[in-house]
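Here is the structure we will look at, set down as structure tokens.
Just so it is clear, none of the values below were taken in a lab; they were calculated from the coordinates. Given the structure is predicted, the values throughout are model-derived calculations rather than measurements. Ideal geometry is used to build each Cβ from the backbone, glycine not excepted, and the neighbour counts take in all protein chains shown.
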Amino acid sequence: MNPSLGVCYYPEHWPEAQWAGDAARMAALGLTHVRVGEFAWSLLEPADGVYEFDWLTRAIDTLHAAGLKVVIGTPTATPPKWLVDKMPDMLPVDAAGRVRGFGSRRHVCLSHEGYRSECVRMVTALAREFGGHPGIVAWQTDNEYGCHDTTISYSAAARDRFRVWLAERYGTIGALNAAWGNHFWSMTYDSFDAVELPNLTVTEPNPAHVMAFRRFASDQTVAFNRLQVEIIRSHAPGRDVLHNYMGQVTDFDHFEVSRDLDIATWDAYPLGFLEDRVVAAPEWKRRFSRAGDPDFQAFHHDLYRAMCGGRWWVMEQQPGPVNWAPYNPAPRDGMVRLWTLEAMAHGAEVVSYFRWRQAPFAQEQMHTGLLRPDSSEAEGYAEASAVMRDLNGIDWQDTARADVALVFDYASCWAWEVQPQGAQFSYFQSVFEAYRSLRRLGLNVDIVPPDTPDLTGRKLVMIPALFAWNDALTGALEDFDGHVLLGPRTGSKTPEFSIPAALPPALPPHMLDMKVLRVESLRPDMPVAVEGGGAFVGWREYTEGGAVALRCQDGIPALISQGRVFYLAGRPDDELAGRALAVIAEAAGLKTCALPEGLRVRRRGDVTFVFNYDDRAHDLSVLGVGKMLSPAGVEVIGPDP
């Protein structure tokens, strides 16, 4: 089945007389899916218990009449002012104890029982009204959980629910004290009601306490989402249920939320992310300022493909300059087309642009759409039209299982934020750098969760900086007959945030008989050179045991091996990561190629997609093709060269 294009539309922003013309124009462009309604609570319920659904019914009828498929969003990310006035303690509280008030969006604490009840009431009313509408093919729960740092709240409601969560997890206060090591600094509690939230402490709180709170906050998001899903499924049978995640938002476990969904979607803003989230030198950001990082979008495509059985969309695709990053350049001509086709090469069923028409008012008026505020065509419109011309000329084969699996663990994100032990240490960055190194070798990558890792048929598994082992992952590795590369800090803690009794990496000796004796975090100007080229940057470990495959120039082991299992005892720079991976990939029987920087490939069946993120043309001879690919160029090659 060919992938499709969609768009986000806000009929409430435009005169009703425009709706039919907009719908006809969307259909003429080739769009098939339209998302509506996710921010409209105050219009759907202008006063407590007073519902006004007729306008949304007319809007959906208009879109449906034009042959468009509607995705309706629940409006729980934007509760109205009257609801905040009704129960002001529903507002979230930041780590400094300040209330985060009304005036934008996501002004909610997901632990607040009253707010949850109000959401149940609204979603139930909405699902009863629209559950059987023939034009609606899918429901989106809420919008961008975690956006604006709103997963974690330090409110009284969160504290009270956290205490209940702790009692359910530990059973007795004695078990909690033992698990957390609370005899340290005289932190023993005599009841669960004595446990406070881990903020506003004099110095660092107990990391086990903070880790428990992070798990709790994630569970609140899972439970809040599940409430909505259950309502939607009961009133809208046969419709897909989805949520739109974000880039590099790790405050909650997306795998757990996705277990209740049919489709995982995410919101892709390559230029905004480059300026706002990608960790890179200024020269790198300047080079890719009009294209986006060559690997950041692909990483998230593969991450969200790992959820919901491989069904995933891009719900919001950047079509031009955005409004929220430190700098907001315009994309290079052709990049919106490239981003769209790249998502489809990774298996996206739908790529939906944000938004149809640029708003001339309010917070996002500087965010471009496919149309300008006067309804003239913006640059993204032409790029969407170009994608439509591409779609029927491509053989959209199934996305095959990749030979390489990369484990991504949300709990590890929380752990190394709680106790980074170095200003530069980031779990997300460690995994992303591993992913980038694999992409530079031209490899397809599947991201897998730590608790249900399917390693069947893989040749290489990479596990960077895993916080703590679980039985499912260690069991899968025991049965795995391919190669394994472990990154630094892997297995360095127990699930309750203690150092393992046998010392890290805490694998059974028949798998890897080695120990990490001590670690050090390094200043940016203190790289540790490795023999043959490359260096450790930011982090280095001192180990005992195992065969030494590479050494640092000071004689300390850098890469340790035992059979097909390798352990990298530090955070590698690009050169060292490339060296180590090339050796292990060759041993694993993987076919690799050294791609020029900015050139990336993705294979879908025996069709190879080539994407040029760079600001210069690149020769494709490295892929066996005798031509140059221009900046923002896309080449589709088949069969596999």
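Of note:
- Paired Rg and Dmax values of the range 382-502, which use every Cα atom, in angstrom: 17.8, 61
- In nm, spacing of pseudo-spin labels at MET1 and VAL50 (7 Å Cα→C-beta vector): 4.3 nm
- Whole-number percent relative contact order across the range 398-497, with pairs defined as alpha carbons under 8 Å at least 6 apart: 32 percent
- The range 132-198: translational diffusion in µm²/s, Stokes-Einstein, Kirkwood Rh over Cα pairs, 4 °C, 1.567 mPa s: 87 µm²/s
- When both bridge partners sit in the chain, DSSP labels roughly 45% of those beta bridges antiparallel.
- Largest to smallest principal axis extent of the C-alpha atoms in the range 495-641, angstrom: 55, 36, 33
- Cα Rg over Rh - the range 427-473, Kirkwood: 0.96
- The range 315-387 and the range 542-619 have their alpha-carbon centroids 34 Å apart.
- Normalised by the number of residues in the chain, the mean separation of alpha-carbon contacts (under 8 Å, six or more apart) gives a relative contact order of 10 percent.
- If you wrap the range 1-108 in the convex hull of its Cα atoms and look at it from every side, the mean projected area works out to 9.0 nm².
- This structure gives percent of Cα pairs over 33 Å apart, computed directly, and of (1) 53; (2) 68; (3) 49 that value is listed as (3).
- Built amide H within the under 5 Å cut-off of THR265, gap 5+: HIS243, TYR245, TRP313
- In sequence order, calculated HN-Hα J values of the range 552-558 (Karplus, 6.51, -1.76, 1.60; Hz; x Gly/Pro): 6, 5, 8, x, 6, x, 10
- Taking all pairs of distinct alpha-carbon atoms in the range 269-388, Kirkwood radius in angstrom: 14.7 Å
- Relative contact order computed over the range 404-587 (Cα-Cα under 8 Å; 6+ residues apart), in percent: 19 percent
- Mean Cβ count within 10 Å, highest first, over the residues of peptides 460-468, 67-75, 424-432, 583-591: 460-468, 67-75, 424-432, 583-591
- Shape call, the range 184-280: gyration tensor on alpha carbons, a/c limit 1.5: oblate
- Å³ per residue enclosed by the Cα convex hull of the range 436-558: 133 Å³
- Hz values of 3J(HN,Hα) by residue in the range 84-95 - Karplus curve (6.51, -1.76, 1.60), Gly and Pro given as x: 5, 5, 5, 9, x, 6, 6, 5, x, 10, 7, 5
- Alpha carbon convex hull of the range 309-443, volume per residue in cubic angstrom: 171 Å³
- Label point of SER117 set 7 angstrom out along Cα-Cβ; within the range 210-237, amide nitrogens under 18 Å from it belong to 224, 227-228.
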